[in-house]
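Encoded as structure tokens, the structure appears first; notes follow it.
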Amino acid sequence: MYFTDRGIEELVERRGEESVTLEWLGSQLQVFVDTHPEFETAIERFATFLARGDEDDED
């Protein structure tokens, strides 16, 4: 199990029944980056990954 799996599992456990919008998710990601700017690149890549879906990664 990767370290990040624990956070993902906690998210599903605590909030798995909730429905969210992509607008809400985008807002939460921005708040996270504002609070933790050292993760800006990772969050940018994650957001791009989600936005592109099944499209080929251009990186």
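The values are calculated or read from the model by the stated rules, or taken from the named source; none is laboratory data. Bear in mind the structure is a predicted one, so any value in this text is a computation, not a measurement. Cβ: placed from backbone, ideal geometry, glycine included. Neighbour counts: every protein chain shown.
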Check off (1) loosely packed, with under 10 Cβ neighbours inside 10 Å; (2) part of a helix (DSSP H, G or I); (3) at pLDDT below 95 for residue 55 and give me the number that stays unchecked. (2)
Give the residue, chosen from 50, 29, that is at pLDDT 95 or above and part of a helix (DSSP H, G or I). 29
